[in-house]
Amino acid sequence: MAKLRDCLPRLMVTIRSLLFWCLIYFYCGLCASIYLLKLLWSIGKGPTQTFRRAAREHPPACLNDPSLGTHCYVRIKDSGLRFHYVAAGERGKPLMLLLHGFPEFWYSWRHQLREFKSEYRVVALDLRGYGETDAPVHRENYKLDCLITDVKDILDSLGYSKCVLTGHDWGGMIAWLVAICYPEMVMKLIVINFPHPNVFTEYILRHPAQLFKSSYYYFFQIPWFPEFMFSINDFKALKHLFTSHSTGIGRKGCRLTTEDLEAYIYVFSQPGALSGPINHYRNIFSCLPLKHHVVITPTLLLWGEKDAFMDVEMAEVTKIYVKNYFRLTILSETSHWLQQEQPDIVNKLIWTFLKEETRRKD
C-alpha cells in the first residue's frame, strides 16, 4: 500500500503527460485537415490564382528609411550565426532591445525606433531565422534555450551587460524567459500582448476558446505544409493577418500603408524565409511549462483588448508571477498588433513606466 502511494504521484504525472501529447497530436491532425480543405477549396475556385506569386526582387523604400536608424550586423562567436538589427540613438546610451513577434521582423518597431532614440540606444533585432538574420535549417536550432541564449549573446556583442527588454507576441515569450533566466541582464521588462509562459500553458488547457485561438501553434507542428499555405495566393494569409476585420489592425488605429504591407510580403517571400519563423513554434510543447517561473524585474504588460489570438483574462493572471513592481494596461478596442496600431499611446505608456521606475529608485 505504501509503495502504491509513492508511485501514485509519478503515475499521475505520466498520465497527464500522455493526455497532453494526445491532445496535441489530435489537434495537429484536426488543423491539418481543416487547412487541407481550404487548399482544395482554393484550387477548385481558381488553380492559377492559388499558385500565383508576384516576383519581388527589390525591397520597398520604407525598409531603408534613414529616420528609422542604421542597418547593422553582428556575428555571434558561439553559434556562428549572423544577426541583423536596426539601431537608432547614440552608442553609449542605455540599451533598449526590441524583440518582434510572428509574422513580423524589425520593422514592426519602426514607431519605437524613432521615439526612444533620444534617450536610448534602440536596437530592433531580426530574431533567429527572420529577415536578414541567419536561419539554421534544423528545427532543433530553434529551441527556447537557443533563443534565450541569442539575446544574451547579442547583449555581449553590443557591449552591454543589461538592457530595457521589450517584446511583442513571440518576442514577448522570449522576453519573459530572458527575464526569468537572466534577471541581472534586464533592467526593466516590457511585454506587449503575451502572458507569462506558464499562464499561457495552463490557460490553454482549461479554456477551449483559447485553444481555438492558438490553433496555429498546432498547425505549425506539421512539416512544410504551413509554409506552403502561407505562400499560396501570393501570400494572401499573411495579408489577411494584418488587414482582416477579425485579426487585423483595428479601425481606430494606424493602419498599415500599402508600402508597409509590401515590406512584410517582401521579407517573407524570399526563398526559405518562412521556415525559420515557423520553426520557432515546432519546439514549444517540449519546453513548456517552465521549471523556474518567477520574474523579479519591474514589469509593464500592455494588452490590446480585441486581440484575436490571446484572451485578455491571461493578462490579469500574469501578475502572480511577477515578484516586483508590475503594471498592466489594457487598451480597449485595440488589436494584437498594439505597438503598430496605437504607437502614440504605447510610447507614452512606456515613457511613463520608465520614468516612474526611475523615480521609485530615487
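The values are calculated or read from the model by the stated rules, or taken from the named source; none is laboratory data. The model shown is predicted, which means the values in this text are computed figures rather than measured ones. Reconstructed Cβ throughout: ideal geometry from the backbone, glycine too, with neighbour counts over all protein chains shown. Heavy atoms of the whole protein, side chains included, go into the accessibility calculation; ligands, DNA and RNA do not. Shrake-Rupley method; radii C 1.70, N 1.55, O 1.52, S 1.80 Å.
The table for this structure:
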read-out: Residue match in the range 26-37 (condition: modelled with pLDDT of 80 or more and over 29 Å from L127 (Cβ atoms)); value: yes
read-out: Neighbours by Cβ (under 8 Å, 6+ apart or cross-chain): first from the range 234-251, closer than 23 Å to A54 by Cα and touching a residue at least 24 places away in the same chain (Cβ under 8 Å); second assigned to a helix (DSSP H, G or I) and open to solvent by 40 Å² or more (accessible area, probe 1.4 Å); value: G248/H240
read-out: Residues that are open to solvent by 10 Å² or more (accessible area, probe 1.4 Å) and in contact (Cβ under 8 Å) with a residue 24 or more places away in the chain, drawn from the range 201-213; value: T201, E202, Y203, L205, H207, A209, L211, K213
read-out: Selection within the range 151-182 - assigned to a helix (DSSP H, G or I) and open to solvent by 10 Å² or more (accessible area, probe 1.4 Å); value: K152, D153, D156, S157, L158, I180, C181
read-out: Selection from the range 320-334 of residues that are surrounded by fewer than 17 Cβ atoms within 10 Å (Cβ to Cβ) and either part of a helix (DSSP H, G or I) or of a type in the set (V, I, T) (or both); value: I320, T329, I330
read-out: Given (1) over 16 Å from A263 (Cβ atoms); (2) in a loop (DSSP other than H, G, I, E, B); (3) among the aromatic types (F, W, Y), number of the condition F102 does not satisfy; value: (1)
read-out: Selection within the range 249-284 - aromatic (F, W, Y) and closer than 25 Å to S215 by Cα; value: Y264, F268, Y281
read-out: Qualifying residue in the range 50-61 (condition: surrounded by 14 or more Cβ atoms within 10 Å (Cβ to Cβ) and within 23 Å of W351 (Cα to Cα)); value: no
read-out: Selection from the range 152-174 of residues that are within 18 Å of I296 (Cα to Cα) and of a type in the set (A, V, I, L, M); value: V164, L165, M173, I174
read-out: Residue in the range 114-137 that is among the hydroxyl-bearing types (S, T, Y), within 30 Å of A237 (Cβ to Cβ) and not in a loop (DSSP other than H, G, I, E, B) present; value: no
read-out: Some residue of the range 349-360 being of a type in the set (D, E) and modelled with pLDDT under 95; value: yes
read-out: Search result, residues across the range 183-200 that are open to solvent by less than 30 Å² (accessible area, probe 1.4 Å) and either among the β-branched types (V, I, T) or in a helix (DSSP H, G or I) (or both); value: M185, V186, I190, V191, I192, P197, N198, V199, F200
read-out: Top-ranked residue of the range 335-358 - restricted to ones that are surrounded by fewer than 15 Cβ atoms within 10 Å (Cβ to Cβ) and among the hydroxyl-bearing types (S, T, Y), ranked as farthest from P94 (Cα to Cα); value: T352
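Condition check ((1) open to solvent by less than 50 Å² (accessible area, probe 1.4 Å); (2) within 19 Å of H100 (Cα to Cα); (3) modelled with pLDDT under 95) across all residues:
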| residue | (1), (2), (3) |
| --- | --- |
| G276 | yes, yes, no |
| C287 | yes, no, yes |
| V295 | yes, no, no |
| L301 | yes, yes, no |
